[in-house]
Structure formats: C-alpha cells, structure tokens
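Here is the structure we will look at.
Where a number appears in this text, it was derived from the coordinates with a stated rule and is not lab data. Since this is a predicted model, take the numbers as computed values, not measurements. Glycine also receives a Cβ, built like all others from the backbone with ideal geometry; neighbour counts cover every protein chain displayed.
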Amino acid sequence: MANEEMCELPAFRVSDEDARKVMERYKTIAVVGLSANPEKPSHFVPKYLKEHGYTIIPVNPTAKGDILGQKVYAGLKEIPQKVEIVNIFRPPKDVPPIVEDAIAIGAKVVWMQEGIVNNAAAERAKAAGLTVIMDKCMMKVHRSR
C-alpha cells in the first residue's frame, strides 16, 4: 500500500510564469540528492540547468568526489559559497531538515522537484521568508519559455 505522505497535494501552486521569474532572478542552485547516474532526473535535470548557465552545487551525503564537474558536498551547511535556490530531489519525508538547513544558510528559494510535496516544510520555509515552489520540474519550467 502506498505511503499516504506520497499522496499529499500541494496547499498552494506557483504558476510556471512565476517560477520562471524565480529562475531568471537566481542562478546558484544547490541540488540536494543530485545523482551520479545519468539516467536519473536528479542527474539530467541539473546537467541541463548547468548547460543553460546555472551554477550547480551537488549535495549528496553518499556521493564522493565530483558530479557534473563540481565538488559534491554532504550537506547544505558545508557549502562555502552563497546558495540562492535549494532544489530538492529527495522523498517528501526528507524535506523538513533540508528546509531547516536552507533557512540556516540564507537561501532565497526552496524548490521541490516534480512529485515532491511537503506542506508543513513549505509553510516553515515561507514563514522564514523563503520563496517556495513544490511539485514542479526546473527543467520543464525553463523549457517552457
């Protein structure tokens, strides 16, 4: 039986137009859950974004070395540079501590990829002043220009 958490619907939706504005404003993206496997969306979406001028910072506690030619960090708090968008490729249950770290490092946006919804974490991020986008693919939004 499916986990009820996976069936959570977003309490709010951001239009593609508004999501595009976020992507035009911010260019440094920490991708939590970035995969070394080129077949996974958590690899080819950040690769696409990098090819289109975004700075991609891989965050994956189990990966070592580099992914997409960039040093991999175990967590958001280890990243030495400023992060504008925290793009999340993790199950909804893993989102709350990622949001807390995004707040702690001063990120401007929390973006949960398509299929990822955690309303409680979204409300926490919004309350801290971050822009929140859920259940939306950055690559699809970028391509829809």
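Here the relative contact order of the stretch 4-143, from alpha carbon pairs under 8 Å that lie six or more residues apart, stands at 26 percent. Based on Cα atoms of the stretch 4-143, Rg over Rh with Rh as the Kirkwood radius reads 0.92.
Length gained on full extension, Lys126 to Ala104, computed as 0.36 nm times the residue gap minus the Cα-Cα distance: 6.6 nm. Counting neighbouring Cβ atoms within 10 Å and putting the fewest first, the residues Leu49, Leu68 line up as Leu68, Leu49. Per-residue extension of 0.36 nm, minus the Cα-Cα distance of Asn119 and Asp18, leaves a gain of 34.5 nm for this segment. Averaging the sequence gap over all C-alpha pairs within less than 8 Å and six or more residues apart, then dividing by the number of residues, gives the stretch 35-97 a relative contact order of 23 percent.
Extension gain, Gln70-Lys50: 0.36 nm per intervening residue step, less the Cα-Cα distance, totals 6.2 nm. Ordering Lys136, Lys27 from the fewest to the most neighbouring beta carbons within 10 Å gives Lys27, Lys136. Considering only Met112, Met134, Met23, the mean-square fluctuation computed in a Gaussian network model of the chain, springs between alpha carbons under 10 angstrom, is largest for Met23. Scalar couplings 3J(HN,Hα) for the stretch 91-103, obtained by applying the Karplus form with A = 6.51, B = -1.76, C = 1.60 to θ = phi - 60°, are x, x, 5, 8, 6, x, x, 5, 4, 4, 5, 4, 5 Hz; x denotes Gly and Pro.
Counting only Cβ charges, +1 for Lys and Arg and -1 for Asp and Glu, the dipole size of the stretch 29-145 around its Cα centre is about 220 debye. Counting only aspartates and glutamates at least 8 places from Lys77 when in the same chain, those with an alpha carbon closer than 12 Å to its own are Glu100, Asp101.
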